[in-house]
Amino acid sequence: TFDSCSERAKGTARSGRLEGFPWLATHRTFTQRKQRLSFIGVWSNYFFGPAARTMPNARNRKAMKKKKEAERVKALEAAKRLKASREEESKEAKHESRDSKKTTATTSGGSQKPLPLDKLQEIITTAHEKLFRRFTPDEHKELHEKYLGEKPFPHLQLENFLNEDFARLLKDELLHEEFYQKSNDLYDFSQTKDLRNCSQPLISKFKNIIASFSEDVKAITNAKLEPQFDLFGAIYSKTCKLLCHDDRMPGRKIAYIYYLVPEDWSEDDGGALDLFHSEGTGGHHDGNFQPVSVAKSFLPKWNSVIFFEVNRKSFHQVNEILSKKARVSIAGWFYGPTIDSKTEVELPQPIYVAPSSLPEQSLPSSSSSSSSSS
């Protein structure tokens, strides 16, 4: 029977003889051996093998937690060190840039020797009317004819505008103001906030000078000007520029730039103010003009002021600065009715376009450069 055969096979397997039914004996022996090996392997692997390092026992959980905490602390410390180093580099770069601008700006044309205290007090207490160039009615008429005869649009440059000592002190005081970088496709330079709100004594005195100078500008240009005007400080350092634009914004009538550049400024330094010849692209009254070519260039000159009429033809630009000298200036606009002096036609919205003789460039909308200074 099957039972007797099975018993016979078991006995044969125990005695080590493969008689009778060897397949059953082999199967039984293999199964028992596998069970024994599996049981021993699992526990030996748990206590001594790779699994002992990963199994979630209390000892390993504590070690892993401690290791993760150490890694987290190390990562946080590294992040803090990186952040601190970046902040330090940023501060150093900002201070170096500001110091280099101030140092370069004062190497020539600024106060190389401090004025005596009594001289400084004298300038501060002097009435502002005595610190800038004044004109007689006859000179107004002569300058008016010259102003209207200038091409490509009415403009005029006046030299020795301020008292020399006052100009040097004004520059020193201006360079202690905060300048903010202004940069986009149209311009790249640094500019102060509106200096009309500045409380520094010499800048406040210059503000009164510009208010009085507006009467001379009114007589020379025969323009209807209002008391309102703008006043900004600007620094053009190396590679800075201001591309071709026309300055037209609601109310702007006359633009002015007063230069505080080094006295040895030359063509090699760049930064010239270019005035463009323009041509109409449609009817005479459509207000659509395009710059064609540079008609006249003015190198910045120490203690000089230039002003021009803001109209649909007043395209101009500031060439790129080529040297380490700083092109320091104070600029702004006198306000009045915005009409063209030739046609008495109200001006459209301002436009900023590249001259046809220059490579095309992507320029921003007019609203992005409402306070740019030439």
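The values are calculated or read from the model by the stated rules, or taken from the named source; none is laboratory data. The structure presented is a predicted model; accordingly, all values stated were derived computationally and were not measured. We place every Cβ from the backbone using ideal geometry, glycine too, and count neighbours over all the protein chains shown. Accessible surface areas use protein heavy atoms only, side chains included; no ligands, DNA or RNA. Shrake-Rupley method; radii C 1.70, N 1.55, O 1.52, S 1.80 Å.
Things worth noting here:
- Radius 15 Å from Cβ of PHE135, net charge of other residues (Lys, Arg +1; Asp, Glu -1): -2
- Charge tally in the Cβ shell below 13 Å around ALA167, where Lys, Arg are +1 and Asp, Glu are -1, ALA167 excluded: -1
- Environment charge of PHE308, counting only residues whose C-beta is closer than 9 Å and scoring Lys/Arg +1, Asp/Glu -1: -3
- ³J(HN,Hα) computed for each position of the stretch 75-81 - Karplus, 6.51 cos²θ - 1.76 cosθ + 1.60, integer Hz, glycine/proline x: 5, 5, 5, 5, 5, 5, 5
- Share of carbon and sulfur in the accessible area of the stretch 142-214 stands at 42%, probe radius 1.4 Å.
- Put a dot 7 Å past the Cα of ASN60, heading toward its Cβ, do the same for GLN157, and the two dots end up 8.5 nm apart.
- For a label point 7 Å along the Cα-to-beta-carbon line of SER297, residues of the stretch 178-208 with backbone N under 13 Å: none
- Prolate/oblate/rounded label for the stretch 231-323 (Cα gyration tensor, a/c 1.5): prolate
- Computed from backbone phi, the HN-Hα couplings of the stretch 178-187 come to 7, 9, 10, 6, 10, 8, 7, 5, 8, 8 Hz, rounded to whole numbers (Karplus: 6.51 cos²θ - 1.76 cosθ + 1.60, θ = phi - 60°; Gly and Pro given as x).
- Label-point gap, in nm, between ALA93 and GLU122 - each point 7 angstrom along Cα→Cβ: 4.7
- The simple spin-label model puts a point 7 Å past each Cα toward its Cβ; for ALA78 and GLU263 those points are separated by 5.9 nm.
- With the highest mean first, a sort of the peptides 324-334, 293-303, 130-140 on other beta-carbon atoms found within 10 angstrom per residue produces 324-334, 293-303, 130-140.
- Flagged links, alpha-carbon separation over 18 Å, of LYS218/LYS313; LYS146/LYS296; LYS141/LYS224; LYS238/LYS325; LYS151/LYS313; LYS241/LYS324: LYS218/LYS313
- Applying the Karplus relation 6.51 cos²θ - 1.76 cosθ + 1.60 with θ = phi - 60° to the stretch 258-269 yields 3J(HN,Hα) values of 10, 9, 10, 7, x, 5, 9, 5, 9, 4, 5, 7 Hz, where x marks Gly and Pro.
- By the compact-protein rule of thumb, 2.2 N^0.38 Å, the alpha-carbon radius of gyration of the stretch 122-240 corresponds to a ratio of 1.20.
- Calculated FRET efficiency, GLU320 to ASN288, Cβ-Cβ distance, R0 = 35 Å: about 0.80 to the nearest 0.05.
- For GLY270, distant residues with modelled amide H under 5 Å away: LEU322
- Whole-Å semi-axes of the stretch 193-245's equivalent ellipsoid (Cα gyration tensor): 24, 19, 9
- When +1 charges are put on Lys and Arg Cβ atoms and -1 charges on Asp and Glu Cβ atoms, the dipole computed for the stretch 106-249 relative to its Cα centre reaches about 140 debye.
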